[in-house]
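FYI, it's all coordinate maths here, none of it is from the lab. Keep in mind it's a predicted model, so treat the numbers as computed, not measured. Quick reminder, even Gly has a Cβ in these numbers, built from the backbone with ideal geometry, and neighbours come from all protein chains shown.
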């Protein structure tokens, strides 16, 4: 797997980024990914500032390879996180769920590489204007919070062709080396993979959550809770209750009440498969066992190379 | 663009099939596609048996290249259509929207090549058992009637890897040569393209419909009418009315009443953009002009070759 502008930008071996996910991607997962030659990201979204600081300290002890963090911009104590990013000299920040104008300039002034997650040409253009170094283009397939536009990875990557000049990292629905090759064929210079790593040995998610993913087959996830914030997850008792409200024409406030707080922690971290949100991407259909990050990397790279050989010979 | 099992199966030059679409793909579009080296399909879904017969006669006059028909299995006068298929010695039949067991055996006994459209591993396996020659694997991106599973083309093609041995034609979200290459990377041996051809000069759709597609940007289609039959289309006055019923908790029967009959004819063929169904795929976002089939083919093949060269050199 040759280098791209993405491997150059981050100083990594493979153009494979591990998505910064709530309740899955602490220092343990992120450092394992970085140590394998990809880019590991600490997912700040589910961490209190003190927890984040602990993870920063552990991360620095666990790898000397490049790594970064993912910061959802709706984070309530954003300034505390920004301070920690500066204090610990974090070199790569992925921002998401908000405008790229909020923090890009401040990060760039400190020499930090900034990547922003988008699901449309509109936001990709906004990123480029804001001075972002690269974008993650995330499709409808992706787990967790998602865009209401519902544009799939295949269409989004085609939409973006010739529209922006900064490099694109494809995300959503990537679960094999051949999918990486497909994304490269569509102009992406790297991929961001979430689900495979959410179900890895090093993921801090609960074993119940990982086992649930393993038993999930095709069509096993839905994009739900669209009235509040579209989220891809595995349906369960909680989403059935949400659906009962929907079909009885309850108000959005009633739905918000039912959703409450802490559903993703309950599902992913506590392993409560009835009451929690079991957020995962559509590619859960292909995940059949809990593998180490090292094994996942070997698999992806072998598949990619064999498919590339096939393409070279046959096409 | 080299041959595959799909080009061998049909005896065509390029592994590009034009989707058999209602109100768009009569003899004019299908013969233009076949004459360009792809496989043109007459879409029977919107034709009375007499109309279908006229198209068969015209088709035979318009091309000496291989061509086929697309038959939705919920067609009310199925036997009349089967008789015409036999009478006019149609050599290739794509079936959809039903079980592959309904007609495959009868067609195969007459030496007809049978392809069935699926959106899941489950139905792909069923096809293989039924003796189908190839499948179309159609993702969430596709226009018109669609699967409730909502599996995208990227995920569906990965799901199908190593699951079936008959060749796969990818469909849904394909609007460029690089998308064809991506599908080949994911193991498909051909592609079926709908939207680009629906908006072509040779499509029998109304000019209002084509112009509406041209002005449609990203996020411009939705998968709607899920309570009755999931359909991808451009939202309009009709879908707003449908949504009013939905949000006021109307029954499915009330929705069926509103839907009535002939909405797709009204939208696609009569060009009534308010009252009709404007069925089109998500890739409508990339369609910016009405092109001839010949131009579309040149574009696809040039893009494919330049992207393939890039892959060969850079990866």
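Laid out as a table, the results:
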item: Rg/Rh for the range B:1-156, where both radii come from Cα atoms and Rh is the Kirkwood radius; result: 0.94
item: Value of relative contact order over chain B, rounded to a whole percent, pairs C-alpha under 8 Å and six or more apart; result: 18 percent
item: Two-site label geometry, residue B:288 and residue A:54: point separation in nm, points 7 Å out along Cα→Cβ; result: 5.3 nm
item: Spatial extent of chain A: Rg and Dmax, with the Cα atoms as the point set, Å; result: 18.6, 58
item: Residues of the range A:187-212 with amide N under 15 Å of a point placed 7 Å along Cα→Cβ from residue A:295; result: A:196-203, A:210-211
item: Efficiency of FRET from Cβ geometry, residue A:309 and residue B:257, R₀ 56 Å, rounded to 0.05; result: 0.50
item: Gained length - residue A:214 relative to residue A:105, 0.36 nm times residue gap less alpha-carbon distance; result: 35.1 nm
item: Cα-based equivalent ellipsoid of the range B:77-126: semi-axis lengths in Å, sorted from largest, via gyration tensor; result: 21, 11, 9
item: Rh by Kirkwood over Cα pairs, then Stokes-Einstein D for the protein assembly as shown at 0.890 mPa s and 25 °C, µm²/s; result: 98 µm²/s
item: The range B:106-122 versus the range A:154-169: alpha-carbon centroid distance in Å; result: 36 Å
item: Packing-based ranking, highest mean first, of A:156-167, B:53-64, B:268-279, B:184-195 given that Cβ atoms within 10 Å are counted; result: B:184-195, B:268-279, A:156-167, B:53-64
item: Estimated FRET transfer efficiency when R0 is 56 angstrom, pair residue A:80-residue B:228 (beta carbons, to 0.05); result: 0.65
item: 222 nm mean residue ellipticity, helices alone, for chain A (DSSP H n ≥ 4; -39,500 (n - 2.57); rounded to 500); result: -11500 deg cm²/dmol
item: Average Cα contact separation per residue, the range B:207-283, under 8 Å, 6 or more apart, as relative contact order %; result: 38 percent
item: Estimated D of the range A:216-283 in µm² per second, where Rh is the Kirkwood radius over Cα pairs and Stokes-Einstein applies at 20 °C, 1.002 mPa s; result: 177 µm²/s
item: Gap separating the Cα centres of the range B:6-28 and the range B:178-233, nearest whole Å; result: 15 Å
